[in-house]
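Taking it in order: structure first as structure tokens, then the write-up.
Nothing in this text is a laboratory measurement; each read-out follows from the coordinates by a stated rule. On a predicted model such as this, the values are computed, not experimentally measured, just so you know. Glycine gets a Cβ as well: all are built from the backbone with ideal geometry, and neighbour counts include every protein chain shown.
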Amino acid sequence: MEDNLYKNVNDDTPVLVGCSQLLGKKGSNGPNFLDILTSASTKAIEDCNSKISITEHLDAISVIRFVADTPNRNTATAASWGYPNMPRSLGNSLGVTVPHEIYTTTGGNSPQLALNEICNRIKDGHVECALLAGGEALDTLISRMKTGLDTDWSDDPGGKPESIGSDKDLGSEFEQKHGVFDPSAVYPLFANSIRGSEGKSSKEHMEDIGLLFSRFSEIASTNEYAWFKIHRSLDEIVEVVPENRMIGFPYTKYMNSIMRVNQSAALVVTSAKKARELGIPESKWIFMHAGACLNDVWNITDRRNLHSSPAIKKCSEAIFEASNRSQDDISFFDLYSCFPSAVQIARKEIGIPDDDSRDLTVTGGLPYYGGPGSAYVVNSIASMMTKLRSNPGKFGMVTANGWFLTKHGASIFSSTPFLGEWNQIIDSSALQNEIDKEEHPEFVEAANGKGSIETYTVLNSREGPTKAIIIGRLQDGKRFIANTKKDENLFNRMMQNEMLNANGTVKFEGSRNIFQPD
């Protein structure tokens, strides 16, 4: 890259100048939450190769919310959270005090939301040098809980961080009564809806998934920061065996994101002016050419269908337009991959052909590389930065996803300098209004009468199937959500036979709808 191009970058243009990924030790002797953030942050600061100490110039620290600090989630990690101001705790561990302490809400979109916020503050002159960090130490926590070791991790440095993002709970109360709670119970609903929209058999759909995720696992197998360095074949991923049991039909264990990891990542973002002052080599500079965040209709029962994402489509269209690029110009992708349906829907909405030869991940994906809670996209951006530094002039695209394909983010990065006035975070208000106003089927809570299955899943424990979740339509076109009676024979029939569009009768009983197939 010609030096004069970097010299022409405006002083207030935000630049990503440092990055790190960290794979922590596994088991009960692994790192705690603060330790793993500190290690990743120190590594990212060192990565900048600055001539002047960066810690002395930091004026913002942003941290992605941890799973164990997520309100209203009854998880195995619901220990007493001991870090009331993690950005300040992290700053103290680095030996720095900053005026901007930012903590996100929960959701896999949070890293993109935080990066957008930081970049806008740099552009507006409110911040010059920021650290963005996230990770999880769930493997340490759960390992210690299982062996009876203490998990009394805490640090109260005082103060209260600024919170960004939506803290609205996922799913309506009525949806939650029917089992719409954990992602592993909901993304399979998208899977069967995708299959129905494509007119494919269950076997054909599983082959698509196996082929897609086998390549993801292959990429993870050579990634030094991956939690699972195992290349799994198509058959290994789709075959139901004890070590790869069914979780939520049609998804086996190897198709599910893994949150029980010790992984972390961090980014350093400065203004171009500050990067020059700190003597950070231009070979380290990566520019965000555009970024956007949008939400799909919040409740899945209120969406137009369960095999598309207007928010991903509008996010991608907006960042392509703002960066004067198209999906053909992207050399590297990392599509959020908590479950196969997330990748399949994003690929379709972005416009990537099914037979495209470009890989859809730079990490290996959340089931194989690892999914450190809401923080994964810090890792994927760090990985993308490394990829783009090694491929000057190429462009990379990263997507983010929170809740049930609900909260989305997308961004385009390159070592190619951004020239001119930087104003590349999309104003989402008009686009969000368009999504919120889209027509969708009328949803009824108390459903009675004849109906058919629009999509469904069967949830499984280690002992076998436990619950069916159905989203269906009454004869008048209104949508309902239901369970079935607890009947293992019926559960097995629903997993073995085609049940999309199957007819039956739904009845409101007590607080839930119960669907009985004909």
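Å³ per residue of the Cα convex hull, for the chain?
Given the Cα convex hull of the chain, per-residue volume reads 140 Å³.
Relative to the present Cα-Cα distance, how much length would full extension add between Asn391 and Ser201 at 0.36 nm per residue of separation?
64.4 nm
Provide the FRET efficiency to the nearest 0.05 for the Glu218-Glu442 pair, computing r from the beta carbons and using R0 = 45 Å.
The value I calculate is 0.50.
List the equivalent ellipsoid semi-axes of region 328-458 in whole Å, largest first, each obtained as the square root of 5λ for an eigenvalue λ of the Cα gyration tensor.
Ellipsoid half-lengths, sorted descending, are 33, 20, 14 Å.
Using alpha carbon centroids, what distance separates region 470-518 and region 418-448, in Å?
31 Å
Between the DSSP loop rule and a limit of at most 14 other Cβ atoms within 10 Å, which GluC sites (Glu not before Pro) in region 403-444 are left?
Details: sites: Glu421, Glu434, Glu438, Glu439, Glu442; in loops: Glu421, Glu438, Glu439, Glu442.
Sparse-neighbourhood loop GluC sites (Glu not before Pro): Glu421, Glu438, Glu439, Glu442.
Run a plain Debye calculation on region 430-518 (Cα atoms as equal point scatterers, no solvent) and give log10 I(q)/I(0) at q = 0.13, 0.19, 0.20, 0.24 Å⁻¹, rounded to two decimals, same order as the q list.
-0.46, -0.82, -0.88, -1.13
Per residue, how big is the convex hull of region 181-254 when only Cα atoms are used? Give it in Å³.
Here the figure is 94 Å³ per residue.
Please order Asp518, Asp334, Asp155 by the number of other Cβ within 10 Å, starting at the fewest.
Working: Asp518 8, Asp334 26, Asp155 17.
Placing the least packed residue first, the sequence is Asp518, Asp155, Asp334.
Go through Lys43/Lys284; Lys177/Lys314; Lys177/Lys478; Lys168/Lys486; Lys168/Lys313; Lys274/Lys407 and tell me which ones have a Cα-Cα distance over 26 Å in this structure.
Lys177/Lys314; Lys168/Lys486; Lys274/Lys407
If each Cα of region 96-158 is one equal point scatterer, what is log10 of I(q)/I(0) from the Debye formula at q = 0.17, 0.19, 0.27 Å⁻¹?
Those come out to -0.79, -0.89, -1.18, one per q.
Per 10 Å bin, what is the whole-percent P(r) computed from every C-alpha pair distance within region 223-302?
Spelled out per bin, shortest first, that is 12, 23, 24, 25, 13, 4.
If R0 is 41 Å, what FRET efficiency do you get for Asp476 and Thr147 from their C-beta distance, rounded to 0.05?
For R0 = 41 Å, the calculated efficiency reads 0.15.
Counting other C-beta atoms within 10 Å, and keeping those with at most 15, which DSSP coil trypsin sites (Lys or Arg not before Pro) do you find in region 234-323?
Here the trypsin sites (Lys or Arg not before Pro) that fit, given the DSSP loop and packing criteria, are Arg245, Arg304.
Could you derive backbone 3J(HN,Hα) for region 305-322 from the dihedral phi with the Karplus parameters 6.51, -1.76 and 1.60 (θ = phi - 60°), listing whole Hz in sequence and x where the residue is Gly or Pro?
So the J values, rounded to whole Hz, are 7, 10, 10, 9, 9, x, 5, 5, 4, 6, 4, 5, 4, 5, 6, 5, 5, 5.
I need the Debye-formula profile for region 121-253: one equal scatterer per C-alpha, no solvent, reported as log10 I(q)/I(0) at q = 0.10, 0.11, 0.16, 0.22 1/Å, two decimals.
Debye output, listed in q order: -0.63, -0.75, -1.17, -1.29.
Evaluate Rg over Rh across region 129-190, taking Cα atoms for both radii and Kirkwood's formula for Rh.
1.08
If one computes the Cα centroid of region 35-49 and of region 324-356, what distance in Å separates the two points?
Cα centres, region 35-49 to region 324-356: 30 Å.
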